[in-house]
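Participant: Below: one structure in C-alpha cells.
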Amino acid sequence: MAKSTLSPGLRSLIGLTALALLGSAIGYVSHLEEAAVPAAPQVEEASLASLPVDPQAFGVGEPLVSIDAKVRRNETLSGMMDRLDIARRDGAQALYSLSQPGFLDARKVRAGQKVKVYKAGDTLSALAIEPEPGRRLMTKRGTDGAYRTFELTSRLTPVDKVVKGQIKTSLYVDARALGAGDQQVVDFAQAFAFDVDFQREIHPDDAFEIVYESMVDERGNEIRRGAVIFAALNGRAIKKNYYQFTSPDDGVTDYFDETGQSATRFLMKTPINGARLSSHFGKRRHPISGYTRLHKGTDFAAPTGTPVYAAGHGTVERASRYGGYGHYVRIRHANGYKTAYAHLSRFGRGIRSGKRVRQGDVIGYVGSTGASTGPHLHYEVYIKGKPVNAMTLKLPTGRKLENTPEVQAAFDIRREEIDAIRAGASTDGVQSAQVAEATPPAL
C-alpha cells in the first residue's frame with residue numbers, strides 16, 4: 001500500500017467519515033458460509049426477494065409484513081425486537097444465529113443502525129442488517145423453525161466520479177450536496193492545505209472540481225467512496241489543479257500540479273484548524289502593556305483545547321513555560337527556519353526539548369496562559385533569527401518530478417488518464433450541479 005506524506009494529525013484537520021445507508025437487499029448474492037446451526041436448504045440467491053411469501057410456510061395465519069427499523073439510542077438488538085413485538089424466543093434464536101463467529105458482534109451495533117425485519121404476527125420470518133457498506137447479513141427462519149444466517153456480498157464495480165460546482169455556502173456544504181463524501185472534502189482540503197486558508201481565502205462563486213474513486217453495486221448504488229485523484233480550485237485567491245500520484249521510486253503518494261510540482265510545502269500556512277485570525281504581524285498597541293511595539297507573530301482565536309499542529313518537520317528546541325508567552329513550544333526546522341507557538345493550555349503528548357516531530361503532529365492545545373486576554377494561538381516564524389510574516393511568506397516547495405525524468409514520465413501518463421476521465425464526464429453533458437460517472441474499466 002502506498003505511503004502518504006501526511007501524518008495522522010494533518011489528516012485529521014477536518015473531518016468526519018460518511019456512513020453508507022442501508023439499501024435494498026435485492027441484487028445481492030450469496031454463496032457464503034452459514035452460522036454453526038443446522039444446515040439450511042440450498043439457496044441460489046439469498047436475498048430478501050427469495051423469502052417465501054406464503055405465511056403458512058411458518059405455520060401461522062398472519063400476513064407477512066416488512067418493517068424498516070433503526071436501533072435507538074441506548075437500545076440493543078434484543079430491545080428492538082421487543083419494541084417490534086417479536087416473540088422473545090424467535091428474537092433470541094435469530095440473534096444467536098446472527099451472532100455466530102464471523103458474522104456480527106451485537107455489542108458493536110450502534111444507535112442509528114438500520115435493520116430490515118419481516119414478520120408474520122409476532123413470528124420473525126427474516127432479519128437483514130448491513131454492518132458495513134457492501135456487506136449484509138440476513139438471518140431467515142426455515143420451515144423447521146430454525147434460524148440460519150447468510151452473508152450477502154454485493155458485486156462491486158470500480159467507477160470514477162466527477163463532482164464540480166461553485167461555492168455558494170461553503171466548500172463542505174456545496175461539495176456534499178453534489179455527491180462528495182466527508183472524506184473526499186477532507187482529501188480536497190489536504191491537497192490545498194499549503195496554498196490557501198480555507199477560513200479566509202475562499203469566496204462565493206469560487207469554482208471547484210473533485211474526481212474520486214468509487215465502488216458501485218449491480219444497481220448503481222454507491223457503496224464505497226475512495227481517494228480523491230484530482231482536485232481543482234478556480235477562485236479569487238488561487239487557480240490550481242492537483243493530481244494524486246504515487247511515485248514509483250519511493251512509493252510515496254502526494255498531490256502534484258500539471259508540471260509535477262508537489263503540493264506539499266516546507267511549512268503549513270496555518271498550524272491550526274477552524275480558527276479566526278485575530279491579530280496580524282506588525283506594529284500594534286499591545287492590549288495589556290499599552291505600548292506600541294512589533295507584534296512578531298500572527299494570532300488565531302480559537303476555543304481552549306483546539307489542537308495546534310507542527311507547521312513542519314523539525315526538532316523541538318523548547319517546550320516549557322516562557323514568561324509572557326505562557327506555555328510555549330519552539331521548533332527548529334531545516335535551512336535556518338524556526339516556528340514558535342505560545343499561550344498553549346497544555347503540551348501535546350511526548351512534546352519536550354529534543355523531540356523530533358513531523359508536519360501535522362499535535363504539539364499542543366490552544367489556551368490563554370501567560371500575557372493573554374483570551375484563548376488563542378500566537379504563531380511565529382523566524383528565518384535565521386529574524387521574525388517574518390507567516391501569512392505572506394513564500395515557502396520552499398516540495399518535490400519536483402522533473403528532477404527524476406523516469407518518474408516525471410510516469411506522472412505524465414497518469415495525468416493524461418485523469419484528464420481523460422474529466423473530459424469524458426464533460427462530453428456526457430455534465431452540469432455544474434450534477435455528479436457524473438466515468439466509464440468503469442473492463443473487468
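The values are calculated or read from the model by the stated rules, or taken from the named source; none is laboratory data. Only a predicted model underlies this, so the values are computations on that prediction, with no experimental measurement involved. Glycine also receives a Cβ, built like all others from the backbone with ideal geometry; neighbour counts cover every protein chain displayed. Ligands, DNA and RNA are excluded from the accessible area calculation, which covers all protein heavy atoms including side chains. Shrake-Rupley method; radii C 1.70, N 1.55, O 1.52, S 1.80 Å.
Participant: I'd like the full set of residues that are within 25 Å of VAL357 (Cβ to Cβ) and not in a loop (DSSP other than H, G, I, E, B), limited to the stretch 262-276.
Facilitator: Within the stretch 262-276, SER262, ARG265, ILE272 meet the criteria.
Participant: OK, next. When you scan the stretch 94-129, how many residues do you find that are of a type in the set (D, E, K, R) and not in a loop (DSSP other than H, G, I, E, B)?
Facilitator: 5
Participant: Taking the conditions exactly as written (in a helix (DSSP H, G or I), at pLDDT 90 or above and in contact with a strand residue (DSSP E or B) (Cβ under 9 Å, 6 or more places away or on another chain)), does ILE421 satisfy them or not?
Facilitator: yes
Participant: Would you say PHE198 is among the aromatic types (Phe, Trp, Tyr) and part of a loop (DSSP other than H, G, I, E, B)?
Facilitator: yes
Participant: Go through the stretch 199-216 and give me each residue that's over 21 Å from the mean Cα position of the chain (by Cα) and either farther than 19 Å from VAL162 by Cα or open to solvent by 50 Å² or more (accessible area, probe 1.4 Å) (or both).
Facilitator: ARG200, GLU201, HIS203, PRO204, ASP205 - these are the residues of the stretch 199-216 that are over 21 Å from the mean Cα position of the chain (by Cα) and either farther than 19 Å from VAL162 by Cα or open to solvent by 50 Å² or more (accessible area, probe 1.4 Å) (or both).
Participant: Is the stretch 280-298 home to any residue that is surrounded by 21 or more Cβ atoms within 10 Å (Cβ to Cβ), modelled with pLDDT of 80 or more and part of a loop (DSSP other than H, G, I, E, B)?
Facilitator: Yes: the stretch 280-298 contains one or more residues that are surrounded by 21 or more Cβ atoms within 10 Å (Cβ to Cβ), modelled with pLDDT of 80 or more and part of a loop (DSSP other than H, G, I, E, B).
Participant: Consider LEU233 carefully, then state whether it is free of Cβ contacts under 8 Å to residues at least 40 places away in the same chain and not aromatic (Phe, Trp, Tyr).
Facilitator: no
Participant: Under the condition of being modelled with pLDDT under 95 and crowded, with 21+ Cβ neighbours inside 10 Å, which residue from the stretch 308-332 is farthest from LYS394 (Cα to Cα)?
Facilitator: By that ranking, first place goes to TYR325.
Participant: Let me ask another. If you take the residues of the stretch 351-380 that are within 26 Å of the chain's Cα centre (by Cα) and small (Gly, Ala, Ser), which of them is nearest to MET391 (Cα to Cα)?
Facilitator: GLY360
Participant: Taking the condition closer than 27 Å to ILE418 by Cβ and either under 25 Å from the mean Cα position of the chain (by Cα) or modelled with pLDDT of 85 or more (or both), does LEU127 pass?
Facilitator: The answer is no for LEU127.
Participant: Starting from residues that are among the hydrophobic types (A, V, I, L, M, F, W, C) and within 16 Å of ARG148 (Cβ to Cβ), keep the ones in the stretch 88-125 and report whichever is most open to solvent (accessible area, probe 1.4 Å).
Facilitator: Among those residues, the one meeting the criterion is ALA92.
Participant: Go through the stretch 217-258 and give me each residue that's among the polar types (S, T, N, Q), open to solvent by less than 40 Å² (accessible area, probe 1.4 Å) and assigned to a loop (DSSP other than H, G, I, E, B).
Facilitator: Of everything in the stretch 217-258, just one residue is among the polar types (S, T, N, Q), open to solvent by less than 40 Å² (accessible area, probe 1.4 Å) and assigned to a loop (DSSP other than H, G, I, E, B), namely SER247.
Participant: What do you reckon, is ALA193 buried (at least 21 other Cβ atoms within 10 Å of the Cβ), closer than 30 Å to ASP299 by Cβ, at pLDDT below 85 and touching a helix residue (DSSP H, G or I) at 6+ places or on another chain (Cβ under 9 Å)?
Facilitator: It is true that ALA193 is buried (at least 21 other Cβ atoms within 10 Å of the Cβ), closer than 30 Å to ASP299 by Cβ, at pLDDT below 85 and touching a helix residue (DSSP H, G or I) at 6+ places or on another chain (Cβ under 9 Å).
Participant: Residues to consider are LEU395, LEU377, LEU443; find the one that is aliphatic (A, V, I, L, M), modelled with pLDDT under 95, assigned to a loop (DSSP other than H, G, I, E, B) and touching a Phe, Trp or Tyr at 6+ places or on another chain (Cβ under 6 Å).
Facilitator: Selected residue: LEU395, the only one of LEU395, LEU377, LEU443 that is aliphatic (A, V, I, L, M), modelled with pLDDT under 95, assigned to a loop (DSSP other than H, G, I, E, B) and touching a Phe, Trp or Tyr at 6+ places or on another chain (Cβ under 6 Å).
Participant: Would you say LYS161 is assigned to a loop (DSSP other than H, G, I, E, B), of a type in the set (Lys, Arg) and under 29 Å from ILE418 (Cβ atoms)?
Facilitator: Considered against the rule, which asks whether it is assigned to a loop (DSSP other than H, G, I, E, B), of a type in the set (Lys, Arg) and under 29 Å from ILE418 (Cβ atoms), LYS161 comes out as no.
Each row is one residue, and each column tells you yes or no for (1) in a helix (DSSP H, G or I); (2) in contact with a strand residue (DSSP E or B) (Cβ under 6 Å, 6 or more places away or on another chain).
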residue	(1), (2)
ARG73	no, no
ALA92	yes, no
MET138	no, yes
THR149	no, yes
LEU152	no, yes
VAL173	yes, no
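Participant: Within the stretch 362-374, can you find the residues that are in a loop (DSSP other than H, G, I, E, B) and either modelled with pLDDT under 90 or touching a Phe, Trp or Tyr at 6+ places or on another chain (Cβ under 6 Å) (or both)?
Facilitator: GLY370, ALA371, SER372, THR373, GLY374, listed by residue number.
Participant: Starting from the stretch 381-407, keep only residues that are touching a residue at least 40 places away in the same chain (Cβ under 8 Å) and more than 27 Å from GLU317 (Cα to Cα), then list their pairs with residues that are crowded, with 16+ Cβ neighbours inside 10 Å and of a type in the set (Val, Ile, Thr) whose Cβ atoms are within a distance under 8 Å, requiring at least 6 positions of separation or different chains.
Facilitator: Final answer for the pair search is LEU401/VAL407.
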